[in-house]
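Engineer: What follows is a single structure, and I will ask about it in a moment.
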Amino acid sequence: MEGMSRSPPAGSYSNGHHHKLLGGATSQRDHFGSRRSRQSGGREPNRMTRVSGGQQETEAPPCTDFDKAYFQSYSHVGIHEEMIKDRVRTETYKTAILQHQKYIEGKVVVDVGCGTGILSIFCAQAGAKRVYAVDASEIALQANEVVKANNLSDKVIVLHGRVEDVQIDEEVDVIVSEWMGYMLLYESMLGSVIVARDRWLKPGGLILPANAVLYMAPVTHPDRYAESIDFWRNVYGIDMSPIMPLAKQCAFEEPSVETISGENVLTWPHVVKHVDCYTITLQELESVTTNFKFQSMMRAPFHGFAFWFDVEFCGPTDNDADAPASESTKSNPRRKRANPNEALVLSTAPEDPPTHWQQTMIYFYDPIEVEQDQVIDGKVTLTQSKENARFMNIHLEYASGGRSFVKECVLR
């Protein structure tokens, strides 16, 4: 989909309340809103563009004030500009659509969370017979104008409304969506893809992307700690160290979205969650828990954990739904497919080209010194917030060197 609250400029950090869905804007990032506004959301579909099929459906969940604010945040063109300018993201989607042209040409496509309509237009250019471009944000009105400007009104139908509410009077062959949030699951947009799949996708249909994997790994980041905390030890010759406890709280209380490098990562990553877009259920998204065990590859201060994700684009016959990532990555958790024709991967890993998703960091208030080969083990649970399902509660238990710790925070 198009849209997600944009990443901070290179060299800066976004910490804590990344997207103020209700209330004023304190930064460009907050002003642009959450990373996802598109599809799952906000209002009754525009009658002018609504397709009525008359099929019997279960009643859609109500649209909350949080949903409305979320969709409104995606009305700002700045979010879409940032996403489109992310060349890794946009060019990978374009390549994926062209690589799967045989599944798209002459077929019916739904673009879940279409934003400005760029993915819908890519599908039309690949020969789709018809594309339903669905978005709950006001940006859908602009998408409709973009479609007209490119003389594609006969192929691309923009539906302004939630996937849960709009009506399409036919099954679709393909679902395309850029649904990924920070830490993959933040903002709960995947739920709208699941709804679209269950409502409209034909048996044997194509979903792009087909799979996703969320990873985590321990990291060392002394420069970040020095910049945010040690700075207060000597400020123009003045001892401001009494501010350090507050500085730690402000800098590290909540998750931080920023870019790190492969050199910051202490171990091979662990698979937190494998998502098969053909089979995953809404219930699975409510809570994700995994036990982890790492072995540090070096002696270094252990500052926290990083999270990132990969998504994979492959055709229905290439999608091995019976081989979960935890099995396929046992020998090498960052395994890329040996045959480049087998699948196309969009990665947000620290060692890969940067994207607007960056990495999500959970820092400790104080680092832990670890030796080479020292074990770090524990458990992490990611839960949709009861306050707002688009927020993510993070409960992290970890132990190393005979000491145990608990960290709780909210990605919002």
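The values are calculated or read from the model by the stated rules, or taken from the named source; none is laboratory data. Nothing here was measured: the structure is a model prediction, and the numbers come from that model. Positions of Cβ are backbone-derived with ideal geometry, glycine not excepted, and every protein chain shown enters the neighbour counts. Quick note on the areas: whole protein, heavy atoms, side chains included, nothing else; ligands and nucleic acids left out. Shrake-Rupley method; radii C 1.70, N 1.55, O 1.52, S 1.80 Å.
Engineer: Quick test for you: out of V174, V166, V147, pick the one residue that is of a type in the set (V, I, T) and assigned to a helix (DSSP H, G or I).
Structural biologist: Working: V174 fails: assigned to a helix (DSSP H, G or I); V166 fails: assigned to a helix (DSSP H, G or I).
None of the others qualify; the one that does is V147.
Engineer: For region 132-149, give me the residue count where each residue is open to solvent by less than 10 Å² (accessible area, probe 1.4 Å) and touching a strand residue (DSSP E or B) at 6+ places or on another chain (Cβ under 6 Å).
Structural biologist: The number of residues fulfilling the criteria is 6.
Engineer: Here's something else I'd like to know. In region 110-153, what residues are touching a Cys at 6+ places or on another chain (Cβ under 9 Å), touching a residue at least 60 places away in the same chain (Cβ under 8 Å) and of a type in the set (A, V, I, L, M)? Write out each step before concluding.
Structural biologist: Of region 110-153, the ones touching a Cys at 6+ places or on another chain (Cβ under 9 Å) are 111, 120, 131-136, 139-140, 143.
Within this subset, residues satisfying the condition of being touching a residue at least 60 places away in the same chain (Cβ under 8 Å) are 111, 132, 134-136, 139-140.
Correct list: V134, A136, I139, A140.
Engineer: Going through region 319-366 one residue at a time, which ones are loosely packed, with under 12 Cβ neighbours inside 10 Å, polar (S, T, N, Q) and modelled with pLDDT of 50 or more?
Structural biologist: N341
Engineer: Output yes when any residue across region 298-316 is modelled with pLDDT under 95 and open to solvent by 30 Å² or more (accessible area, probe 1.4 Å), and no when none is.
Structural biologist: Within region 298-316, one or more residues are modelled with pLDDT under 95 and open to solvent by 30 Å² or more (accessible area, probe 1.4 Å).
Engineer: A further question on this structure: In region 95-108, which residue that is surrounded by 16 or more Cβ atoms within 10 Å (Cβ to Cβ) and within 22 Å of the chain's Cα centre (by Cα) is nearest to D352 (Cα to Cα)? Before the answer, list the steps.
Structural biologist: Of all residues in region 95-108, those surrounded by 16 or more Cβ atoms within 10 Å (Cβ to Cβ) come to 96-97, 99-100, 103-104, 107-108.
When the remaining residues are screened for being within 22 Å of the chain's Cα centre (by Cα), the result is 96-97.
Numbers: A96: 18, I97: 22 Å.
Among those residues, the one meeting the criterion is A96.
Engineer: Further, regarding this structure: Give the residue that is most open to solvent (accessible area, probe 1.4 Å), with candidates limited to residues of region 241-294 that are in contact (Cβ under 8 Å) with a residue 40 or more places away in the chain, in a helix (DSSP H, G or I) and of a type in the set (A, V, I, L, M, F, W, C).
Structural biologist: Of everything passing the filter in region 241-294, C250 is most open to solvent (accessible area, probe 1.4 Å).
Engineer: Among the residues of region 177-202, which ones are part of a loop (DSSP other than H, G, I, E, B), under 18 Å from A140 (Cα atoms), in contact with a Phe, Trp or Tyr (Cβ under 7 Å, 6 or more places away or on another chain) and at pLDDT 95 or above? Outline the logic, then answer.
Structural biologist: Initially, region 177-202 is screened for residues part of a loop (DSSP other than H, G, I, E, B), giving 177-180, 182-183, 185-189.
Then keep just the ones that are under 18 Å from A140 (Cα atoms); that gives 177-179, 189.
From what's left, in contact with a Phe, Trp or Tyr (Cβ under 7 Å, 6 or more places away or on another chain): 178, 189.
Hit for region 177-202 is E178, nothing else.
Engineer: Which one of the conditions (1) open to solvent by less than 10 Å² (accessible area, probe 1.4 Å); (2) at pLDDT 95 or above; (3) farther than 22 Å from P316 by Cα does I118 fail to meet, given that it meets all the rest?
Structural biologist: That leaves (1) as the condition not met.
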